[in-house]
Amino acid sequence: MLLSYLLLSGVTTGALYALVALGLVVVNKATGILNFSQGELFMFSGFIAWSLHVQLGLGYLPSFLGTVLAGFALGLTIDRVAFRPVKSSDVIAIVLATVGISFVLKGAARIIWGGKSDYLSFPPITSPDPIVVGPVLIIPQQIVAFLGAVAIMLGFAAFFRYSRLGKMMQATADNKKAATLVGIRTDRIYTLAFGTGAAVAAAAAVLAAPLTLLYPDMGFSFFIKGFAAAVLGGLASLPGAVLGGFLVGIVEALAGGYIHSSVMEVSAFIMIMIVLIVRPTGLLSFYQARRV
Amino acid sequence: MFDRKLAAKLLATGALLCLGGISPSLAQQPGLTADTIKIGTFGALTGPGYLYGKIAMNGIEVVFDEINAAGGINGRKLVLIREDDRCDPASAIAATQKLIHQDQVFALIGGGCSNATLAARDNIEQAKIPFVNVASVADGVSTPTAPNIFTAALTASIESQAQLTYALEQGGKKIAVVSMRDAWGRSRYTPLMEEFKKKGITPIADEEMTPDANDATAQVLRLKAAGADTVIIVLFPKPAAIFLRDAQKLAFKPLLVGQSGIADPAAFEEQVGVQGATARFVTISMVKHVPDDVEVDKWRKLVEAKFPGDRLSVFNLFGVGSAQFLTEGIKRAGPDLTREKLIAALAGIKDFKIDVYGGPISCSETDHRCNKYPVWISKAPGGPVKVIGVTKVE
């Protein structure tokens with residue numbers, strides 16, 4: 001029984017970490033940049049979802065779609081305003097730009113949503129009462145978040161596998177010069193990557209919002225966990241990001257339940273250190289098979 | 001021939017001598033004139049900490065206004081000068097430096113954020129200016145005792161002692177703790193564990209959460225497995241809300257004993273957002289009244305008349321209580337007022353009743369934590385916030 005509770009809790013938070021990691025990997029794969037504002041994009045999108053759902057009274061699904069679109073638009077805007085002007089500079093300038101954006105987003109959230117309360121609460125979208133099925137206790141809110149995250153991951157996989165745009169993004173990530181030679185406008189692909197990364201962060205935020213509370217500093221901890229998941233799976237591997245997210249979530253929950261809550265935070269990082277010693281490029285870094 | 005320059009010099013010298021003759025203290029004491037006492041206050045006037053700064057200051061100001069309307073203290077009117085510390089340590093140092101050296105205030109009252117007040121403590125202590133702390137709960141503000149620093153706020157260690165006392169009074173047999181272990185959490189957790197030791201009790205379980213925690217399943221399950229009937233909560237509102245949500249989901253319903261970090265049960269109920277999850281939650285307030293109580297009608301009218309945008313809040317009452325404490329000290333220091341006399345008067349206050357605190361104020365030469373009466377408040381789901389008791393901490 002204890003194991004089932006902990007596993008459900010672990011896979012739910014793990015799914016959210018996986019989504020944050022996916023956003024990081026999408027941008028990193030296409031542009032070679034680690035987007036340090038991914039956590040703040042997640043936070044900002046959570047507040048947008050709160051405004052749509054609580055302030056404007058939209059349903060959960062329209063709020064979800066609206067937030068993902070807003071996240072995508074935010075990613076495109078940030079690319080235009082902050083990244084394009086420095087794209088010819090070295091990588092450090094671009095990384096610093098992502099750090100700068102994270103501060104701007106945090107400040108903007110304080111201005112727009114600050115002063116209402118210490119923390120904003122997003123209403124639960126299902127009954128908070130658990131459902132007992134035999135020896136297993138199911139919490140509907142967690143199931144919704146988990147299934148939502150899995151659906152987004154599957155959608156993502158289909159996008160890269162079957163859509164023309166997804167294939168163009170993969171081609172650019174694999175070999176930018178070759179992609180340019182065959183007529184792919186890599187600048188647009190970069191912009192699309194930032195937009196897609198932000199949209200994934202937005203989707204994660206709407207799924208996470210009913211499970212947590214919203215406040216302007218919430219992005220960093222999700223970024224760290226998402227980053228850990230991405231590193232664990234391999235920074236250039238989309239399936240690795242998903243696997244890493246689930247592993248981080250499950251290890252945290254099991255360590256907290258079976259060892260002590262004081263080791264929850266460090267357990268995932270200890271696991272990552274061990275994995276990186278054995279396999280420095282991440283768990284799924286071998287996943288380089290190229291479709292021709 | 002009449003020498004005008006000599007006459008002017010004689011006149012000025014005479015005036016100074018007269019001034020000295022009236023009161024030797026006036027020529028030496030900053031912020032003091034024959035008819036005014038300049039008091040400085042610092043706290044957040046802007047940003048999220050403004051409740052403990054600006055709103056508390058509004059409470060201080062209406063106490064001063066009331067005294068001034070009745071003729072002041074020994075013929076002197078109280079003048080309040082505000083400085084913004086933005087809850088930021090560096091700004092708090094700058095604010096107190098300005099008040100002490102540029103504005104030359106006679107005494108200080110203020111401090112709403114522990115980190116900021118702690119940062120300013122050295123300056124205040126060195127300046128030997130009387131200071132009454134309004135709302136910073138860190139023990140370091142008043143411990144070790146500085147001769148000129150007094151705290152009207154409950155301190156973290158007093159609240160920790162009260163949490164365990166309350167848990168035992170309510171019949172807790174298997175008492176557990178869930179705490180944060182950052183600087184804020186440790187300032188409460190360490191004295192709490194000392195109190196457990198002093199009483200010869202071992203917590204049935206001792207769990208941790210981070211300020212950013214989004215899930216408390218593991219903690220709840222461990223506490224439930226340990227059979228805890230009471231859980232002492234040393235958490236910020238966010239992790240505490242997550243803990244209460246998960247406890248409700250997993251049908252774990254012990255008595256939940258909070259502290260003044262979760263000072264607003266109504267806002268907390270909204271943050272938890274799960275019907276019934278806060279039913280067994282109690283927390284600490286520094287004041288024994290909620291804003292709707294008839295006992296604080298007088299302060300409501302004064303605050304709302306002076307500050308038309310304000311509705312009386314407990315944060316106004318923090319200011320009211322600390323200002324009543326300071327002004328009582330000024331009265332007792334007598335008409336020939338000096339900073340030394342005020343410090344001695346504050347240290348000598350015993351069992352002085354304040355309108356809003358849970359019990360009387362008592363200070364001593366060695367202990368300047370003068371408020372030792374945490375007030376217990378709770379809110380039944382959907383009901384109003386109610387005061388349910390007071391614990392006296394020795």
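The values are calculated or read from the model by the stated rules, or taken from the named source; none is laboratory data. No experiment lies behind these values; they were computed from the predicted model shown. A quick note on method: Cβ atoms are made from the backbone with ideal geometry, for glycine too, and the neighbour counts reach across all protein chains shown.
Determine the pairs where a residue that is within 10 Å of chain B (Cβ to nearest Cβ) and assigned to a loop (DSSP other than H, G, I, E, B), located within the range A:120-141, has a partner that is of a type in the set (A, V, I, L, M) and exposed (fewer than 13 other Cβ atoms within 10 Å of the Cβ) with Cβ atoms under 8 Å apart, the partner being 6 or more residues away or on another chain. Pairs that qualify, where the first residue is within 10 Å of chain B (Cβ to nearest Cβ) and assigned to a loop (DSSP other than H, G, I, E, B) and the partner is of a type in the set (A, V, I, L, M) and exposed (fewer than 13 other Cβ atoms within 10 Å of the Cβ), are A:Pro130/B:Ala251; A:Ile139/A:Ile131.
So that you can scan it fast, the table gives a plain yes or no per residue for (1) within 9 Å of chain A (Cβ to nearest Cβ); (2) over 23 Å from B:Lys372 (Cβ atoms):
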residue	(1), (2)
B:Ile204	no, yes
B:Gly261	no, no
B:Glu270	yes, yes
B:Glu295	no, no
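Of the residues that sit in the range A:257-270 and are hydrophobic (A, V, I, L, M, F, W, C) and over 20 Å from the mean Cα position of the chain (by Cα), which one is farthest from the other protein chains (Cβ to nearest Cβ)?
We begin by selecting, within the range A:257-270, every residue hydrophobic (A, V, I, L, M, F, W, C); these are A:259, A:263-264, A:266, A:268-270.
Next, from what is left, pick out any that are over 20 Å from the mean Cα position of the chain (by Cα): A:259, A:263-264, A:266, A:270.
Values: A:Ile259: 9, A:Val263: 9, A:Met264: 6, A:Val266: 11, A:Ile270: 16 Å.
Ranking the qualifying residues of the range A:257-270, first place goes to A:Ile270.
Among the residues of the range B:308-346, those identified as in contact (Cβ under 8 Å) with a residue 60 or more places away in the chain and more than 23 Å from B:Thr36 (Cα to Cα) are B:Asp310, B:Ser313, B:Phe315, B:Asn316, B:Leu317, B:Phe318. So is A:Leu254 touching a Lys or Arg at 6+ places or on another chain (Cβ under 6 Å), within 14 Å of chain B (Cβ to nearest Cβ) and in contact (Cβ under 8 Å) with a residue 60 or more places away in the chain or not? No: the conditions fail for A:Leu254.
Residue under question is B:Glu328, and the condition is that it be in contact with a Lys or Arg (Cβ under 9 Å, 6 or more places away or on another chain), charged (D, E, K, R) and assigned to a helix (DSSP H, G or I); does it hold? Here the answer is no, as B:Glu328 does not meet what is asked. The residue that is surrounded by the most Cβ atoms within 10 Å (Cβ to Cβ), counting only those in the range A:262-273 that are closer than 18 Å to A:Tyr17 by Cβ and without any contact (Cβ under 8 Å) to a residue 40 or more places away in the chain, is A:Met264. Would you mind stating whether B:Pro360 is more than 21 Å from B:Ser136 (Cα to Cα) and surrounded by fewer than 22 Cβ atoms within 10 Å (Cβ to Cβ)? Criteria not met by B:Pro360.
Within the option set B:Phe307, B:Phe315, being of a type in the set (Phe, Trp, Tyr) and surrounded by 23 or more Cβ atoms within 10 Å (Cβ to Cβ) holds for one residue only, B:Phe315. Screening B:Ile284 on (1) touching a Leu at 6+ places or on another chain (Cβ under 9 Å); (2) modelled with pLDDT under 90 shows it passes everything except condition (2). Select from the range A:1-53 the residues that are assigned to a loop (DSSP other than H, G, I, E, B) and away from chain B (no Cβ under 14 Å) and write down the one among them that is farthest from the chain's Cα centre (by Cα). Result: A:Gly32. Scanning the range A:180-214 for residues that are buried (at least 24 other Cβ atoms within 10 Å of the Cβ) and part of a loop (DSSP other than H, G, I, E, B) yields a count of 1. Residues of the range B:247-257 being within 14 Å of chain A (Cβ to nearest Cβ), crowded, with 21+ Cβ neighbours inside 10 Å and not charged (D, E, K, R), which ones? The answer is B:Ala247, B:Gln248.
The condition (being in contact with a strand residue (DSSP E or B) (Cβ under 9 Å, 6 or more places away or on another chain) and more than 13 Å from A:Val26 (Cα to Cα)) is satisfied by just one residue among A:Ser221, A:Ser261: A:Ser261.
Do we find a residue being within 9 Å of chain B (Cβ to nearest Cβ) and assigned to a helix (DSSP H, G or I) anywhere in the range A:230-238? No, that holds for no residue. The set of residues from the range B:131-164 being of a type outside the set (Gly, Ala, Ser) and surrounded by fewer than 18 Cβ atoms within 10 Å (Cβ to Cβ) comprises B:Thr143, B:Pro144, B:Thr145, B:Pro147. Does any residue in the range A:39-68 that is farther than 28 Å from A:Gly100 by Cβ come within less than 7 Å, Cβ to Cβ, of a residue that is of a type in the set (Asp, Glu) six or more places away or on a different chain, and which pairs are these? Correct list of pairs: empty, since none qualify. Inclusion of A:Ala109 among residues that are within 14 Å of chain B (Cβ to nearest Cβ) and part of a helix (DSSP H, G or I) is warranted.
Matching residues to (1) at pLDDT 95 or above; (2) more than 26 Å from B:Arg339 (Cβ to Cβ); (3) touching a strand residue (DSSP E or B) at 6+ places or on another chain (Cβ under 7 Å); (4) not in a strand (DSSP E or B):
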position	(1), (2), (3), (4)
B:Phe2	no, yes, no, yes
B:Ala8	no, yes, no, yes
B:Thr13	no, yes, no, yes
B:Cys18	no, no, no, yes
B:Leu26	no, no, yes, yes
B:Met57	yes, no, yes, yes
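The strands (runs of 3 or more DSSP E) found wholly in the range B:95-212 and carrying at least 2 residues that are within 22 Å of B:Ile233 (Cβ to Cβ) occupy B:175-179, B:205-208. Here are A:Phe222, A:Phe227: which of them is surrounded by fewer than 24 Cβ atoms within 10 Å (Cβ to Cβ) and not charged (D, E, K, R)? Unique residue meeting the criteria: A:Phe227.
Here B:Ala167 does not qualify as more than 14 Å from chain A (Cβ to nearest Cβ) and under 30 Å from A:Ile224 (Cβ atoms).
Exactly one residue among A:Gly155, A:Gly57 is within 17 Å of the chain's Cα centre (by Cα) and either within 14 Å of chain B (Cβ to nearest Cβ) or surrounded by fewer than 19 Cβ atoms within 10 Å (Cβ to Cβ) (or both), and that residue is A:Gly155.
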